[in-house]
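Heads up, the thing below is written out as structure tokens.
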Amino acid sequence: MPEKVIVIGSGPAGWTAAIYCARASLEPLLFEGAITNENQMAGTLPLGQLALTTEVENYPGFPAGNLEAYLDDAIAKEKRQIMGPHGKEGVSGPELMELMRQQAVNFGTRVITDDIVELDVDNRPFKLTASDGKTYEAEAVIVATGARANYLGLESEDKYKNKGVSACAVCDGALPRFRNKPLVVIGGGDSAVEEADYLSKFASTVYMVHRRDELRASKIMANRAINNPKIDIQWCTVLDEVLGSDKDGVTGVRLKSTAGKPDVELEASGVFLAIGHTPNTAFLDGKLEMNDKKYLQWTTPGRTYTSVEGVFAAGDVADDYYRQAVTAAGSGCMAALDAERWLAAQE
Ligand SMILES: Cc1cc2nc3c(=O)[nH]c(=O)nc-3n(C[C@H](O)[C@H](O)[C@H](O)COP(=O)(O)OP(=O)(O)OC[C@H]3O[C@@H](n4cnc5c(N)ncnc54)[C@H](O)[C@@H]3O)c2cc1C
């Protein structure tokens, strides 16, 4: 018997889709990804991108407050034991993701800790192959495989992730450690300008580090950066090293000139990477319609339908614009409702 619904992906979109599918008696099977070195290096381990961050201050329902007792009660003991200690306040990314996972499991979601490496959409039921070679069939599929932020790959960048290095200004920019301090944004495209502009509301100065003598951003966006008195563009430079200490996290950056000038060191308490994201869609190439950046294409406005009937997409895998946990969860809910209604119409 084929599964009614298989959900691929384990970020906020996947777990929300599973919660809704389970409550609609669709008995979802969810693939949460494999625990491998490759996934660890890529930042795509089970529980998704939010599990890579510390404080989450913008997910509704988690105001500042001590969740310790609640976490002890809500999360299975064996999972709780391997989670880091709870901070003083609010919720952390890993805590929030474990809570979502537990909620989906409580409603009967079955979870397989493996990657789906192939989706055959030519026949129904759809056929899915996991990385261990096993195959599964499903009447409907929800793809919620997310995306990953691109990093430069510097050792120092990795060392200071969550200690001043971030890939999301909207998520982290308002944290106290960045307020009224100089910050650095790496990149020169539209999203780099957007990040720099957003950060300039909190920072004392935002240095934009760009390898060329002209921004790649559209003219209107470039002018926004150039005319913002708090943004200081470091033309023809690249990030050579993030400077810092274990105690203070990021304290500055060393920039290398691409125009043969001497290195520059700048004081900064944060470094924001804005060099794009890579959606986790390689295994879907040629199967589902994608945009030029390889994000899945929603084919009907206001719906989570993809180019293949019966396959739905939710979260960052189909969203290169909002990229927030709450928007991913919202579209996970939409995909589950779309799948439920589509399945009902097939009967
Ligand atoms: C460092 C950082 C901090 C952030 N902070 C915040 C914040 O404070 N607030 C906020 O709202 N947003 C934040 N975001 C953004 C937020 O994390 C994302 O928007 C959200 O996680 C997207 O959810 P998603 O469900 O689409 O997928 P993701 O979170 O990207 O998760 C998808 C997961 O599915 C799994 N998967 C992928 N491919 C496969 C496959 N083939 N088979 C099986 N499983 C697969 C992987 O485990 C993958 O990680 C942050 C992002 C980053 C990188």
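The values are calculated or read from the model by the stated rules, or taken from the named source; none is laboratory data. Everything numeric in this text was worked out from a predicted model, so none of it was measured. A quick note on method: Cβ atoms are made from the backbone with ideal geometry, for glycine too, and the neighbour counts reach across all protein chains shown. Note: areas computed on protein heavy atoms with side chains; ligands, DNA, RNA excluded. Shrake-Rupley method; radii C 1.70, N 1.55, O 1.52, S 1.80 Å.
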Kindly indicate whether Ile35 is more than 30 Å from Arg124 (Cα to Cα), of a type in the set (Val, Ile, Thr) and within 23 Å of the chain's Cα centre (by Cα).
no
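Of all residues in region 291-302, which are surrounded by 15 or more Cβ atoms within 10 Å (Cβ to Cβ) and either at positive phi or more than 15 Å from the ligand (Cβ to nearest atom) (or both)?
Here is the first cut: in region 291-302, the ones surrounded by 15 or more Cβ atoms within 10 Å (Cβ to Cβ) are 294-296, 298-299.
Answer for region 291-302, where residues must be surrounded by 15 or more Cβ atoms within 10 Å (Cβ to Cβ) and either at positive phi or more than 15 Å from the ligand (Cβ to nearest atom) (or both): Lys294, Thr299.
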Within region 309-328, the residues that are closer than 21 Å to Ala24 by Cβ and either more than 16 Å from the ligand (Cβ to nearest atom) or of a type in the set (Val, Ile, Thr) (or both) are Glu309, Gly310, Val311
Given the conditions (1) within 25 Å of Thr135 (Cβ to Cβ); (2) at pLDDT below 95, report the number of the one that Ala13 does not fulfil.
(2)
What are the pairs with Cβ atoms under 6 angstrom where one residue, in region 330-347, is in contact (Cβ under 8 Å) with a residue 24 or more places away in the chain and the other, located anywhere, is charged (D, E, K, R) and not in a helix (DSSP H, G or I)? Sequence gap at least six, or different chains.
Asp338/Arg303
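Condition check ((1) in contact with a Leu (Cβ under 7 Å, 6 or more places away or on another chain); (2) over 27 Å from Ala339 (Cβ atoms)) across all residues:
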residue	(1), (2)
Ser25	no, no
Leu29	no, no
Leu50	yes, no
Ala69	no, yes
Glu89	no, yes
Asn106	no, no
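Would you be able to say whether some residue in region 66-82 is open to solvent by 40 Å² or more (accessible area, probe 1.4 Å), touching a residue at least 60 places away in the same chain (Cβ under 8 Å), more than 9 Å from the ligand (Cβ to nearest atom) and of a type in the set (Ser, Thr, Tyr)?
Within region 66-82, the first condition is being open to solvent by 40 Å² or more (accessible area, probe 1.4 Å), and the residues that meet it are 66, 68-70, 72-73, 77-79, 81-82.
If we keep only those that are touching a residue at least 60 places away in the same chain (Cβ under 8 Å) as well, we get none.
The answer is no, given that none of the residues of region 66-82 is open to solvent by 40 Å² or more (accessible area, probe 1.4 Å), touching a residue at least 60 places away in the same chain (Cβ under 8 Å), more than 9 Å from the ligand (Cβ to nearest atom) and of a type in the set (Ser, Thr, Tyr).
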It is to be established whether one or more residues within region 303-318 are crowded, with 24+ Cβ neighbours inside 10 Å, among the acidic types (Asp, Glu) and within 20 Å of Leu52 (Cβ to Cβ).
yes
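Restrict the check to region 329-337 and report whether at least one residue is within 24 Å of Ile275 (Cα to Cα) and within 12 Å of the ligand (Cβ to nearest atom).
Checked region 329-337: no residue is within 24 Å of Ile275 (Cα to Cα) and within 12 Å of the ligand (Cβ to nearest atom).
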Only residues that are of a type in the set (A, V, I, L, M) and either near the ligand (Cβ under 6 Å from one of its atoms) or open to solvent by less than 40 Å² (accessible area, probe 1.4 Å) (or both): list them for region 54-64, please.
Val56
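Only one of Gly146, Gly108 is of a type outside the set (A, V, I, L, M), more than 15 Å from Pro2 (Cβ to Cβ) and out of contact with any strand residue (DSSP E or B) (no Cβ under 9 Å at 6 or more places or on another chain). Can you tell me which? Reasoning before the result, please.
Numbers: Gly146 fails: out of contact with any strand residue (DSSP E or B) (no Cβ under 9 Å at 6 or more places or on another chain).
Of the residues listed, the single one that is of a type outside the set (A, V, I, L, M), more than 15 Å from Pro2 (Cβ to Cβ) and out of contact with any strand residue (DSSP E or B) (no Cβ under 9 Å at 6 or more places or on another chain) is Gly108.
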Counting just the residues of region 25-53 that are open to solvent by 30 Å² or more (accessible area, probe 1.4 Å) and more than 9 Å from the ligand (Cβ to nearest atom), which one comes out modelled with the lowest pLDDT?
Met41
